[in-house]
Amino acid sequence: MYEKEEEMLNESRKQMEQMEIPDQQLNDAIQLGLLHAKAKKRKRKKSLWSLTVAAILILTFVTSVRVSPVFASAVASIPGLERFVHLLQNDKGLEAIIENDYYEPIGISQVKDNITFTLDGVIIDETGAEIFYTLEAPHSIKNIDYNKIDLLNDNKNLISSIGYNSPNQEYANRKVDEFSFVFQDIQEFTSNDFEIMFEIQVDKNNKTTFQVPFTIKNDLMRGKVYEVNEEVAMDGQKIVVKQVKVYPLRVAVTLQYDEKNEMEILQFEDIRLEDENGEIWSSIQNGISGFGGVGYKERTYFLQSNYFKQPKELYLKFNKVQALSKDESYLLVDFEKKEVLEQPSNKKVEVTNIQNNSIEVKYRPIRDNHTYSLFSQGENANGGDVSIPTEATWSDVDYNYSTITLEAKDIINPVKIPFIAYPNYLDGSVSIQIK
């Protein structure tokens, strides 16, 4: 940014932090800035001054949300913008998407069964999509469930892992949320025509299906691929960093583990991209964190995206890697006898209660402000899968607690329950220059 514009931005931010701004006035200013920013693509004869004003308004919005709790609180109270406060405060990649106009407002509504669905806006790249929406009704929709959610491109279903937050809402008849799609494979779209389809269940007798087509006006940006294929070692465990792919929504880091490793690699608590100036893009804190679970030879991890940055140098770094000896990377439980037959010898996770198809464990907190699921599924004595449909977690001053409930019909004792997270770490750290 030019020095003069930067001065204007900083001055605007200072003034806004010191002022009490009515919601409507704030809403009008931000909407005006957003409208100017979108219009500059359609009306190329805008004056330099009007474009500069629009840029300053948007950057003031983004910057102030990150630095000013007062401003963030004010924006969060404006319908349709509250979602961005949380996201911008936790994801630098999304901040860059907003700043670079890659978020596309849609504003299409559809009414079914007296429920209004509004597709507020979208972010789409070759790895996935963020679909921002609002649901409204003259009655409570606080407890609705989703039965099916699909995203299509030219009538082709984009096979995805799908996440949604179901956050607490201020109003029982109004729901503001987003669908997060992570595609199973990198997609080559055949056009910019998409469709969102989903079914909601208000109660056990009533289902409503929405089917809304929309067209992306932005160019769908392609990923930047860095072939690495470099082997590193931590605490004697060999890891091959195969590839780093950078997309607008996320960075995909693909790692491969040596089958001769004695340790089972679990979670990466600190995996990040870092540029020549020390700016860091860290792992995604919420939602889907990658592909390939514990036990897979090859796994992909997602990081926040630096797609819109142009660093001269770029490094992949990681340390604080959770791992357990492969011989001790699980619990072996006899639910009939209510006994633990095998467990990690360091006992950093303690089994405190066993019932017919559930166990309770306690452990010291693994990481501040982040709770890991310790288990994914089990394996019964015949080698069959034992699903874990529910997991409850809570904490006190000193410990975290977790109770998992296994599918009773699948239990054939003893049941092996592998850990997917555990507070035990490899020594050392890794830094690889990828650019």
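The values are calculated or read from the model by the stated rules, or taken from the named source; none is laboratory data. Keep in mind it's a predicted model, so treat the numbers as computed, not measured. Heads up, the Cβs are rebuilt from the backbone with ideal geometry, glycines too, and the neighbour counts pull from every protein chain shown.
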**OP:** Give the number of residues within the range 133-164 that are in contact with a Pro (Cβ under 9 Å, 6 or more places away or on another chain) and among the hydrophobic types (A, V, I, L, M, F, W, C).
**Re:** 1
Original post:
So which residues in the range 269-283 are crowded, with 20+ Cβ neighbours inside 10 Å and at pLDDT below 90, if there are any at all?
Top reply: Trp281, Ser283
Original post:
List the pairs whose first member sits in the range 123-139 and is hydroxyl-bearing (Ser, Thr, Tyr), whose second member is assigned to a loop (DSSP other than H, G, I, E, B) and buried (at least 23 other Cβ atoms within 10 Å of the Cβ), and whose Cβ atoms are under 9 Å apart, counting only residues at least 6 apart or on separate chains?
Top reply: Thr127/Pro248; Thr127/Leu249; Thr127/Arg250
Original post:
Out of all the residues in the range 78-112, which are modelled with pLDDT of 90 or more, out of contact with any helix residue (DSSP H, G or I) (no Cβ under 8 Å at 6 or more places or on another chain), more than 18 Å from Arg250 (Cβ to Cβ) and not β-branched (Val, Ile, Thr)?
Top reply: Gly107, Ser109, Gln110, Lys112
Original post:
Do any strands (runs of 3 or more DSSP E) entirely within the range 185-273 hold 3 or more residues that are more than 23 Å from the chain's Cα centre (by Cα) and under 17 Å from Gln322 (Cα atoms), and if so, which?
Top reply: 224-234, 237-246
Subject >> Qualifying positions in the range 135-168 - under 23 Å from Lys204 (Cβ atoms), under 21 Å from the mean Cα position of the chain (by Cα) and hydrophobic (A, V, I, L, M, F, W, C) >> reply: Ile149, Ile162
**OP:** May I ask you to verify whether Phe189 is within 30 Å of Pro138 (Cα to Cα) and not assigned by TED's automatic domain parsing to the domain that holds Ser305?
**Re:** no
Original post:
Restricting attention to the range 98-118, and to residues there that are outside any strand (DSSP E or B) and at positive phi, which single residue is surrounded by the most Cβ atoms within 10 Å (Cβ to Cβ)?
Top reply: Asp101
Original post:
Listed residues Pro418, Pro389, Pro414; which is within 23 Å of the chain's Cα centre (by Cα) and either of a type outside the set (Gly, Ala, Ser) or over 30 Å from Gly236 (Cβ atoms) (or both)?
Top reply: Pro389
Original post:
Within the range 330-339, is even one residue in contact with a Phe, Trp or Tyr (Cβ under 8 Å, 6 or more places away or on another chain), farther than 20 Å from Gly223 by Cα and surrounded by 14 or more Cβ atoms within 10 Å (Cβ to Cβ)?
Top reply: yes
**OP:** Return yes or no: is Pro389 out of contact with any helix residue (DSSP H, G or I) (no Cβ under 6 Å at 6 or more places or on another chain), farther than 21 Å from Gln267 by Cα and at pLDDT below 95?
**Re:** yes
Original post:
What are the residues in the range 218-230 that are surrounded by 12 or more Cβ atoms within 10 Å (Cβ to Cβ) and either basic (Lys, Arg) or closer than 26 Å to Leu316 by Cβ (or both), if any?
Top reply: Leu220, Met221, Arg222, Gly223, Lys224, Val225, Tyr226, Val228, Glu230
**OP:** Identify all residues within the range 340-379 that are touching a Leu at 6+ places or on another chain (Cβ under 6 Å), exposed (fewer than 14 other Cβ atoms within 10 Å of the Cβ) and free of Cβ contacts under 8 Å to residues at least 40 places away in the same chain; write none if there are none.
**Re:** Glu342
Original post:
Does the range 215-236 hold any residues that are at negative phi and of a type in the set (S, T, N, Q), and which are they?
Top reply: Thr215, Asn218
Original post:
Counting only residues that are part of a loop (DSSP other than H, G, I, E, B) and either at pLDDT 90 or above or surrounded by fewer than 17 Cβ atoms within 10 Å (Cβ to Cβ) (or both), how many does the range 142-184 have?
Top reply: 16
